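First up is the structure itself, then whatever we jot down about it.
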Amino acid sequence: MIFLTDNSRKKIKNVKLFIVDIDGTFSLSGKPLLGSEKFATAVKNANKHYVFLTNNSNKSIEEYIKEFEKHNIQISQNQIFTAGIETAEYILKKFGKKKIYVIGTKAIKDIFTKFGHKIVEDEEPDIVVVTFDKELTYEKLAKASIFVSKGKLFVLTNPDLNCPTKEGPIPDTGAIASVITKTTHRKPDIIFGKPDPLILEMIIEKFKVKKEETCVIGDRLYTDILLGIRAEVMTILVLTGEAKRKDVEKSNIKPDIIANDLGEISKYI
């Protein structure tokens, strides 16, 4: 463990809620990473809480729960927050129920449907939403580009350029959206997910904790750590995913603590 800021060793003891990234931090391709189960047990034994906050909208909350159950990790629905849910809820509150063209899988489309939006394929939409899509086709990119070129609201669920897998990084929402931007010369109108602090503030309010009692843990500087900095909460970077120690040295985005994995944090909780 490397403590980069003053009193960070003391501050972690005061944390009551840990907001943890999933891919590259807690698990990879569905399998818990080294130290994850130790961390979960330590938080529980200390009578504290942890929740998951992910920019990955490719899976439903139910799928995440089943995935963790395979490894004897029990979590509830109110422990998982996704950028897809935030996006669907925000659009409903801000614009009402809308016709939406989605680049994404069935899981994310189901989320938008649950919030009362209409998913369209060939019909002209009000909004184009781009998210992580393992079923991406040229046809989807072409349709989205045509709609965006006509001035439809252009929305991303998250800015991530790649998604970590055990085989290596694969294109994520930001990379997919860049094709549309290059084609249409239009940047996204709204980008949700980390590092936008809105969803973190919603979680803090729900769990009734103070900012100084909250800590964000993740493997990416430009999403996880920047989120914590913008929300003015403690941050811990784990080296199990994208960012490495040399990246921290080169970046202006600095975490409070650097840990090799989640398990290393356990004895300080």
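Read-outs throughout are calculated quantities, based only on the coordinates presented, and are distinct from any laboratory measurement. Predicted, not measured: the structure shown is a model, and the values here were computed from it. As a convention, Cβ positions derive from the backbone with ideal geometry for all residues, glycine included, and neighbour counts pool all protein chains shown.
With 0.36 nm allotted per residue and the present C-alpha distance subtracted, the GLU201-LYS10 stretch has 66.5 nm of extension available. Taking other C-beta atoms within 10 Å as the exposure proxy, CYS163, CYS215 rank CYS163, CYS215 from fewest upward. The stretch 84-191 has equivalent-ellipsoid semi-axes of 20, 17, 12 Å, by the square roots of 5 times the alpha carbon gyration tensor eigenvalues, sorted largest first. Relative to the longest principal axis of the Cα atoms of the chain, the long axis of helix 83-95 makes an angle of roughly 50 degrees.
Looking only at the stretch 84-191, where both bridge partners belong to it, what percent of the DSSP beta bridges are antiparallel (to the nearest 5)? If you can, show how the numbers build up before the last one.
Numbers: 2 of 14 bridges.
About 15 percent, rounded to the nearest 5.
Arranged from fewest to most other beta-carbon atoms within 10 Å of their beta carbon, LEU237, LEU53, LEU221, LEU198 become LEU198, LEU221, LEU53, LEU237.
Its convex hull of Cα atoms gives the stretch 49-109 a direction-averaged projected area, equal to a quarter of the hull surface, of 4.9 nm².
Which whole number in µm²/s is D for the stretch 185-269 by Stokes-Einstein, with the Kirkwood Rh taken over Cα pairs at 10 °C and 1.306 mPa s? If you can, show how the numbers build up before the last one.
Numbers: Rh = 13.7 Å.
Diffusion coefficient, whole number: 116 µm²/s.
Checked against a 21 Å cut-off, the cross-linked pairs LYS97/LYS211; LYS13/LYS210; LYS44/LYS254; LYS13/LYS208; LYS48/LYS114; LYS38/LYS66 give Cα-Cα distances beyond that limit for LYS97/LYS211; LYS44/LYS254; LYS48/LYS114.
Can I get the semi-axes of the chain's equivalent ellipsoid? Compute them from the C-alpha gyration tensor as square roots of 5 times the eigenvalues, in angstrom, largest first. The partial results should precede the final answer.
On the way: eigenvalues 213, 71, 60 Å².
Equivalent ellipsoid of the chain: 33, 19, 17 Å, largest first.
Dividing the summed helix terms, -39500 (n - 2.57) for each DSSP H run of n ≥ 4, by the number of residues in the chain produces a 222 nm estimate of -10000 deg cm²/dmol to the nearest 500. The angle between the Cα long axis of helix 138-149 and the main principal axis of the chain comes to about 80°, on a 0 to 90 degree scale. Computed from Cα atoms, the angle from the helix 36-45 axis to the main principal axis of the chain rounds to 60 degrees. The packing ranking of peptides 239-246, 9-16, 117-124, highest mean first, is 239-246, 9-16, 117-124, where packing means the average number of other beta carbon atoms within 10 angstrom of each residue. The ranking of TYR268, TYR101 from fewest to most other beta carbons within 10 Å of each one's beta carbon is TYR268, TYR101.
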